[in-house]
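The values are calculated or read from the model by the stated rules, or taken from the named source; none is laboratory data. Only a predicted model underlies this, so the values are computations on that prediction, with no experimental measurement involved. Please note: Cβ atoms are built from the backbone with ideal geometry, for glycine as well, and neighbour counts cover all protein chains shown. Side chains are part of the model used for accessible areas, which takes the heavy atoms of the whole protein and leaves out ligands, DNA and RNA. Shrake-Rupley method; radii C 1.70, N 1.55, O 1.52, S 1.80 Å.
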Amino acid sequence: MPGRARAADLGFLALCLSAMQYLGFRDYRRVVVPTLAAMAVCAIVTFVGFDGIGFQITYAAVTALLAAIGTMFWMKGDHDRRILLVVSFLSGACGLSFALCGLALLMQGQWVLGAAPDNWAERLNSVVAVACMTGLGALTLSLHHLQAQIELKAETMTDPLTGLMNRRALNELYGDRSFGPFMAIAMFDLDHFKMTNDVFGHPVGDQVLCRFAAVIRKYGRSGVDAFRLGGEEFALVMSRVTPEKAHDMASRIGVAFGTEVVPTHRGPLRSSVSGGMGFGSIAGRPLNEVLAQADAALYAAKRAGRNRVIAQLPADRPDAGPALKTA
């Protein structure tokens, strides 16, 4: 009987630690130390003859571990809340059945047993625990599979060098969107980047790319998404902004990047960036049209001398006027 109690504690401790690792909790001592302490107390009271108290301690420890598992999944999980609700419910139901076992021994004053306990709570627990643990096992496997799919998708949509989203992510998020009058795209191209690679080397070029990614990431907020399209090309998709505010944000990014200094073997390196703006319209425009407009404005900025942001509103907008330019 003592071995059965310790095995139960160890089994649910392993389950709890697995849940903590899966959900990103790293303070294992908060679970391991109390569980080992409960096991030690259980062993002592059982050794002196009070095996009934030992079972009660075991049931209390298992109940606490299951409650912790359910709480962690509900608080920290990032998946479908309906799945997590079922996980939490099963953990809670299983924990409650163990709590009833301990409560039944306590109510009957069974401090010394001499044999495995046998009462209504034990019989209920044998059914509930098997059913709940089977369900938890199946759901845990499903969650692991779902997590693997999410991580794989995130990898395919993330630029490995800068950590920004890539062109595939841009098409995934905005390919079916209609860009309205309060949406805009800023396209950026680092000036003379090929020369930077040729003169300073590709590792320095990578540092420059990461510096610009850090600058553009600072302007991220709800409704603003940053992407690296490839090479030295980046894009910023902005929602719920006026054309003037969108252009101002892109211009501030260019100014901020101009202050960045990358140390090299040839001395400090400063770089600049050119930008072009594309805007949605009242009738709505697809992603490819807005990108094409931003790309055309970008090349106009390059022809005008670089280190500037140029924007031109679509002709079908009533607020269309002269091109906005920031040098």
Given (i) 25, 48, 22, 5, 1, 0; (ii) 23, 43, 26, 4, 3, 0; (iii) 26, 31, 24, 17, 2 as possible values of P(r) over Cα pairs in 20 Å bins from 0, in percent, the one from the coordinates is (iii)
Burial-style ranking of 132-138, 118-124, average other-beta-carbon count within 10 Å with highest first, yields 132-138, 118-124
According to the Cβ-distance criterion of 4.7 Å, cysteines of the chain with no possible disulfide partner are 16, 42, 101, 210
Relative to the chain, whose Cα atoms define the longest principal axis, helix 120-156 and its Cα axis are tilted in degrees, nearest 10, by 20 degrees
Taking Cα pairs closer than 8 Å and at least 6 residues apart, the relative contact order of the range 37-107 in percent is 35 percent
Calculated from DSSP helices alone, with each H run of at least 4 adding -39500 (n - 2.57) and the total divided by the residues of the chain, [θ]222 nm to the nearest 500 comes to -21000 deg cm²/dmol
Of all DSSP beta bridges with both partners in the chain, the antiparallel percent, nearest 5, is 85 percent
Length-normalised contact order of the chain, Cα under 8 Å, at least 6 apart, in percent, tallies to 13 percent
Phi-derived 3J(HN,Hα) across the range 66-71 with the Karplus relation (6.51, -1.76, 1.60, θ = phi - 60°), rounded Hz, x for Gly and Pro, is 5, 5, 5, 4, x, 5
Once residue 153 and residue 120 are pulled to full extension, the length gained, defined as 0.36 nm per residue separation minus their Cα-Cα distance, is 7.0 nm
Set 153/245; 245/302; 153/218, cut-off 29 Å on Cα-Cα distance; pairs above it are 153/245
Counting sequence-distant residues (5 or more places) and residues on other chains, those with an amide H built under 5 Å from that of residue 264 are 269
Each label sits 7 Å from Cα toward the beta-carbon; between residue 306 and residue 14 the label points are separated, in nm, by 6.2 nm
Along the range 91-98, Karplus-curve 3J(HN,Hα) (6.51, -1.76, 1.60; θ = phi - 60°) to the nearest Hz, with x for Gly and Pro, reads 4, x, 5, 5, x, 5, 5, 5
Simple spin-label estimate for residue 139/residue 262, 7 Å along Cα→Cβ, in nm, reads 4.9 nm
Note to self: with every protein chain in place and a 1.4 Å probe, the chain gives an accessible area per residue in Å² of 51 Å²
Carbon/sulfur accessible area of the range 243-318, % of total, 1.4 Å probe, equals 54 percent
Whole-Hz Karplus couplings 3J(HN,Hα) for the range 215-227, θ = phi - 60° and coefficients 6.51, -1.76, 1.60, Gly and Pro as x, run 5, 5, 5, 5, 8, x, 7, 4, x, 10, 10, 10, 9
Taking Cα atoms only, helix 2-23 is inclined relative to the longest principal axis of the chain by an angle, in degrees rounded to 10, of 10 degrees
